[in-house]
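For reference, the structure discussed in these notes is given below.
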Number of protein chains: 2
Amino acid sequence: MKGRVTIPTDESFAEGTKKIAALWGADAVRDCDGTKLPANAGEIAGKVYETYFVTRGDVAWAKAHPEELQHFFLMSERKTAQAETLALFPAEGCFSEQVKPDYSADALRYWQVIDRTTGREHTAWQADEVKGCVVIRNAVPWHEYTVSFLAHNVWDSTQMYNYITNGWNTEKHSPYDPRYPLTARHIRDVLEGWLKTHPDVTVVRFTTFLYHFFLVFNEEGKEKIVDWFGYNASVSPRALDDFAKEYGYALTAEDFVDEGYYNSPHRVPRQRFRDYMDFIMRYVADTVKELISLVHAYGKEAMMFLGDSWIGTEPYGKYFADIGLDAVVGSVGGGVTVRMLSDMGGVKYVEGRMLPYFFPDTFFAGNEHNAVAELNKNWMTARRAMMRAPLERIGFGGYLSLAAAFPEFVKRAGEVCEEFRRIYVGVKGKQPFCAVKVAVLNCWGKLRSWQCFMTAHELWYQQAYSYQGILEALSGLPAEVSFIDFDDVKAGALDGFDAVLNAGDAYTAWSGGEMWLDEEVQEKVRAFVARGGGFVGVGEPTACAKQGRFFQLADVLGVDEEKGLSLNTDKYNIAAEEGHFIFEDTPAPDFGEDKKNVYALKGAKVLKIAFSDRFTRSVNVGEVKAAANNYGNGRSFYITGLPYSFANARLLYRALLWVSGKEDFVRKNFSTNVAVDCHYYAASGEYALVNNTFEEQKTTFYGAAGAAREVTLSPMQIMWLRADGSEEACGN
Amino acid sequence: MKGRVTIPTDESFAEGTKKIAALWGADAVRDCDGTKLPANAGEIAGKVYETYFVTRGDVAWAKAHPEELQHFFLMSERKTAQAETLALFPAEGCFSEQVKPDYSADALRYWQVIDRTTGREHTAWQADEVKGCVVIRNAVPWHEYTVSFLAHNVWDSTQMYNYITNGWNTEKHSPYDPRYPLTARHIRDVLEGWLKTHPDVTVVRFTTFLYHFFLVFNEEGKEKIVDWFGYNASVSPRALDDFAKEYGYALTAEDFVDEGYYNSPHRVPRQRFRDYMDFIMRYVADTVKELISLVHAYGKEAMMFLGDSWIGTEPYGKYFADIGLDAVVGSVGGGVTVRMLSDMGGVKYVEGRMLPYFFPDTFFAGNEHNAVAELNKNWMTARRAMMRAPLERIGFGGYLSLAAAFPEFVKRAGEVCEEFRRIYVGVKGKQPFCAVKVAVLNCWGKLRSWQCFMTAHELWYQQAYSYQGILEALSGLPAEVSFIDFDDVKAGALDGFDAVLNAGDAYTAWSGGEMWLDEEVQEKVRAFVARGGGFVGVGEPTACAKQGRFFQLADVLGVDEEKGLSLNTDKYNIAAEEGHFIFEDTPAPDFGEDKKNVYALKGAKVLKIAFSDRFTRSVNVGEVKAAANNYGNGRSFYITGLPYSFANARLLYRALLWVSGKEDFVRKNFSTNVAVDCHYYAASGEYALVNNTFEEQKTTFYGAAGAAREVTLSPMQIMWLRADGSEEACGN
């Protein structure tokens, strides 16, 4: 098999690239940020990608049109007034090479001083550009004040990151804003000129579209704020004016600064911010669509890098499918990022950029073993999700010459490419066996499919990993996964599902916060479960304190959380039930950073419990870690945390089966060993048994008919078995 | 030395009592609930206490006047409507021998049905006494409903508890309510008759006054709700009518039921509940004052048991000093309960009832060693607080004959009595050295002095021990401790203190919840610290989410808590500062159930930090466990939890010194060994070094002048040293 693989190349490594392309079956080459394609790239592979920057890279343009540079809103540090006058220094604490407050009259209209002690806007102030400060008059002593200000983002955040992190020293790119008329025409003209002069390129790889996600550095040149979903760098006085005209109301700085939370994806989104997102998504879609038409006019494909300047083109957004993109490429960390890519619609193909990146930080002498290990780890976690929904292509980035110097790596990467192609053939278009249909319910719904609990792409956060693990588990489970929001619930969406899952910390967009106070939401979810639906809650599901409940659907869940206010009511969490269906394969789960102080209501079954090792009351009352509940004809399962592990993935699978009343599905297309996944593709009559470890694994495999068979898999092996009993030898 | 000790006696043990009285130097005898005084009690001791029940015990009266029995408000279980009609059974889940819903027309006026999904009152319902239910019409399907109802408390909660727990089988006492006219006269007449017929009694020990704290049992006869501060059992239709007349507005069931929280002391109190408390305190004070006048008219003293039916006579309440009580007796568990008793004003003397209680559960054959151990443990924790503020008397309860059978116990109890008298002589009226004046700030202030974080008297709660430890520590520290509320702060109370302490879980009365949104409170506290005051915060101090802060005074504290909403802002908690003054004696403190996700603001010093053992970002960001901050001329110290231990008590002492800028006080009147307390009484020129352990302890002792001296203390020893260098050998 050949194809479906993209490799990097550069002008100094054309011949080497040909060899690797042959070894790996690569049919596409690409350049990277920092490298140049060889002149004869088209001879190396059928597809040639070249990176393209829409709104940065033209340093001369940026210098000539400083008034058309991009903006963001920032909040100054909080300062306490000690007298009636107080000076705030907007850019204090920010990286001066990136952040340049915009003191123009046009921008100043949108600056805003707020008394953070009261939350009221304070109007008595003046900006002094020379001193770089805002002077507040009539301040109330001992109140905190901030100024929210528009600043020019004079250094593209990704270039800045690479410059600082990887020691680059190219000219600094200042991103310019096509919202302004000169730049609007300029980006179109430049693209057309570029298309004319790049006949060999078959795929324009838009490494940036218009606006970067929100990424600001601090005065030490370190990351200060990072928000992969942040729309803040798409703002400008002109955008604000346009918005006000269209929507009939004006946004203020506070709509962006949001008390300093900057509309983090963890915030329950407010309507004004949603309006702005829609406004930007439409604008970006319109603008990009025009650019893509140009690309098509020159007979090339347009590919978006889902990574840096992707704001406004979220692939699950309403306007995404209309813009005419041919492809999306995104980096792949694990199963979640695979599914984020492979589940999107609206493009012809999706490519995953695998790890490791061919950079000197990995590919240095003596480190080949680690490079191979990183490849294996990345591949093994990613392919778990591909067994459910494969990408159309995979690829690599960086300097190919570095990787080519490591023969073991070259060999192993070739095997990975081959295995990927086999998976593609085995899985693509062949609906894998699916035991349950589950809806993940949060404030963002479909728009943030597979992106729940993320702050920055793939970064680990202590506060999120216990929830993010749910998605990593789901990415490879025999479950059909949809993402819905509270409006969907009100519109009756639950009818189409076996189970609904709600997870996250209280008052975040993921658990839903105040959305749970909507009576209609409560009615619909209760009715769904009572009619026989399933509910899975993790952490602080349905949490929003009101009327004596912290978990609004405590009656459904069978548990609530003690926030100290109801200590006067006795809890009787004494013992846990042994041997429940859900924990049969995984008696000792990992609760991660689990929630404390959860207690069971009367009637609920406590499945896991923890006891304080401190002195306790005469009856040792425990904390509930997992519980099951019956509600009408339906069922609910609660657990305090669910970080990703093989055992927890299995636990979640069994929980989904149990709440859906589908316990009898458990011994179908099933592997008893939690480290081995089993998938069944009815369309081809094939089973795939996947060893997700670097060790040999034995398992009992149950087919669709439920018959058992002992199987041994070599390390990392995918064993393809046919329903007729024949077996394809396929290993690592 | 003789006196200051009360022992129990009963009619079958008069002679034995005399012997013990002589051995222990007891000058008072008492009966107990369940025993009778000997006929000649006055010959045994100068003081004779007899228990007296004001509102229970007269079974015939209760039976004859069922309409004058006491009430409480209860909330039914929450039920979800599945159709437009829903039946609620008020008493479901309650102990039927205690709870009897009052279906009289007079009571039904105050019943209330609430749609808990919306929080709105629902008026379409009817009560059916025969079926014991309330039928709701026009219910909204899938909404939860409750009915709040008035019930007669037909079995006194304490008697019920003893009946069930200790197997009593006396006639059941139903408490009657003096708010009703017949009972009002009856309790006065009965007391007068009793006083006439009990000439030997010198002290009327009011084991109950009018209303019991809120204690309800469930359908299995187990504790359902317990609230030592609950005013709920003082309510009646008549009280509610009287209240409405006086205050011009009517209370509703919801003012008592409070979403099911029943105005737990952990709730931030609402004004309507405060009004009711004041209303009851005045009524109880007026009523009790009249009874006490009668007692005095018969030449006897009146003593209140601070334990069961004490509602309305909180010793730190506004009207307490006016009622004319001579004495209060309360049970002593540790230092906190000692100080709760010894710090109160308004009475001539206060007595502590020590443990163990002379009951068969401790005093059975073969258990003498444990009985002595319990005595020693109780005494050693209690005396630590007495070194700061001694009680006037101590005493015991139960069956003296049981204790008398254990010679080792008799001997040791005699020593304890003797040591108590020595402490009294050494400490009473001799202001001990005090390094700092600290105000404990919460919603209850002075009213709940030494009662913070309590739910039920002295009971351990996992959710509270990390805070309750602060008070146990303070009870024996060289600090002057006051309790203030937010109104006090606004009135300028902080001016009189070196430091203010705020502790507790977010949104509880102890940390203060929404009180922190009051601008004036923020201004006053910030100004206090900026002028040089100290702030100590534990757990979630000043917490109430608003305007981007979870801790409203994060600027003062130097820390805030990540609630998941600001993950997009980088935290740089990398390392902790070593060797700070505060932790010099206690490098490894106990954080108890400490709060997670606390991070330091720029400028704060991280003193203790914890790192997740999970995979983390390239820079391993930690959670702050303790931090110090400078704010203007003042200082702040934060710690995530502070359960009681010798080490944590020392830590708190050093923290108070540090935030107050009094580090140079640390080597004055000081013992380096954290297990040994040092007190200095300038009035007598005496030091007391107290070994708080059962082992020998060595310590370096610094006197008032700062000179060091090595000292060895035997187990439990109190060493009295004179400033002139002489030493009193005193120990066990």
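Details
- Karplus 3J(HN,Hα) series, Hz, for segment A:33-47 with 6.51 cos²θ - 1.76 cosθ + 1.60 (x for Gly, Pro): 4, x, 10, 10, 5, x, 4, 9, 4, x, 7, 7, 8, x, 10
- Charge-dipole axis of segment A:665-730 as Lys and Arg at +1 and Asp and Glu at -1 on Cβ define it, positive-most pick from A:682, A:707, A:693: A:707
- For segment B:504-517, 3J(HN,Hα) computed residue by residue from phi via the Karplus equation (6.51, -1.76, 1.60; θ = phi - 60°) reads x, 6, 4, 6, 9, 5, 7, 7, x, x, 5, 4, 6, 7 Hz, glycine and proline entered as x.
- Out-of-range pairs (alpha-carbon distance over 25 Å; input A:546/B:595; A:524/B:79; A:47/A:196; A:595/A:668): A:595/A:668
- Whether chain B is rounded, prolate or oblate, judged on the alpha carbon gyration tensor where a/c under 1.5 counts as rounded: oblate
- Sparse-neighbourhood loop sites, trypsin sites (Lys or Arg not before Pro) in segment B:601-710 - DSSP loop, at most 10 other Cβ within 10 angstrom: B:602
- Take every Cα pair under 8 Å whose residues are at least 6 apart in sequence, average their separation, divide by the length of segment A:136-226, and the relative contact order is 19 percent.
- The rotation axis taking chain A to chain B passes closest to this chain A residue's Cβ, listed with the gap in Å: A:596, 4.
- Per DSSP, loop trypsin sites (Lys or Arg not before Pro) in segment A:280-338 with at most 14 further Cβ within 10 Å: A:318
- Of the peptides B:475-481, A:345-351, the order by per-residue mean of other Cβ atoms within 10 Å, starting with the highest, comes out as B:475-481, A:345-351.
- Footprinting exposure proxy for A:173, B:186, A:369 (fewest neighbouring C-beta atoms within 10 Å first): A:369, B:186, A:173
- Euclidean distance between Cα centres, segment B:430-497 to segment A:485-550, Å: 41 Å
- Number of partner chain Cβ atoms within 10 Å, mean per residue of A:263-269: 3
- Sorted from closest to farthest, the other copies place their residue A:244 label points 5.3 nm away, with each point set 7 Å from Cα along Cα→Cβ.
- Taking other residues whose beta carbon is less than 14 angstrom from the beta carbon of residue A:582, and scoring Lys, Arg as +1 and Asp, Glu as -1, yields +2.
- In nanometers and ordered shortest first, the copy-to-copy spacing of the residue B:171 label point, defined 7 Å from Cα toward Cβ, is 10.4.
- Between amide H atoms placed 1.01 Å from N, distances below 5 Å from residue A:392 occur with A:350, all of them 5 or more places distant or on a separate chain.
- Nearest-20 debye value, segment B:440-534 charge dipole, Cβ charges on Lys, Arg, Asp, Glu: 140 debye
- Global geometry of the protein assembly as shown, whether rounded, prolate or oblate, following the gyration tensor of its Cα atoms and the 1.5 cut on a/c: prolate
- Mean Cβ count within 10 Å, highest first, over the residues of peptides B:305-311, B:679-685: B:305-311, B:679-685
- Using the Karplus relation 6.51 cos²θ - 1.76 cosθ + 1.60 with θ = phi - 60°, the per-residue 3J(HN,Hα) values for segment A:93-107 come to x, 9, 6, 5, 6, 10, 9, 10, x, 9, 8, 5, 4, 4, 7 Hz, with x marking Gly and Pro.
- This model, with +1 at the C-beta of Lys and Arg and -1 at the C-beta of Asp and Glu, gives chain A a dipole about its Cα centre of some 1340 debye.
- Counting, for every residue in A:557-567, the Cβ atoms of other protein chains within 10 Å of its Cβ and taking the mean gives 6.
- Counted charge near residue A:481, where neighbours are those whose Cβ lies closer than 11 Å (Asp, Glu -1; Lys, Arg +1): +1
- Dipole of segment A:278-385, positive direction: furthest Cα of A:320, A:375, A:330, with charges on the beta-carbon: A:375
- Around the amide H of residue B:122, modelled in the peptide plane, lie the amide H atoms of B:113, B:114, B:115, all under 5 Å away and 5 or more residues distant in sequence or on another chain.
- Shielding by partners for peptide A:586-595, expressed as the average number of C-beta atoms from other protein chains within 10 Å of each residue's C-beta, is 1.
- Cα-centre dipole for the protein assembly as shown with unit charges at Cβ (Lys and Arg positive, Asp and Glu negative), debye to 20: 660 debye
- Inter-copy label distances at residue B:19 (7 Å, Cα→Cβ; nm, one decimal): 10.6
- Note on segment A:611-704: dipole from Cβ charges, positive end direction compared against A:657, A:644, A:670; the farthest Cα belongs to A:657.
- Taking amide H positions as modeled 1.01 Å from N, with prolines and chain starts lacking one, the residues under 5 Å from residue A:501 and 5 or more places away or on another chain are A:439, A:440, A:441, A:536.
All of the numbers you see were taken from the coordinates with simple rules; none came from a lab. Since this is a predicted model, take the numbers as computed values, not measurements. FYI the Cβ positions are ideal-geometry reconstructions off the backbone, even for glycines, and counts take in every protein chain you see.
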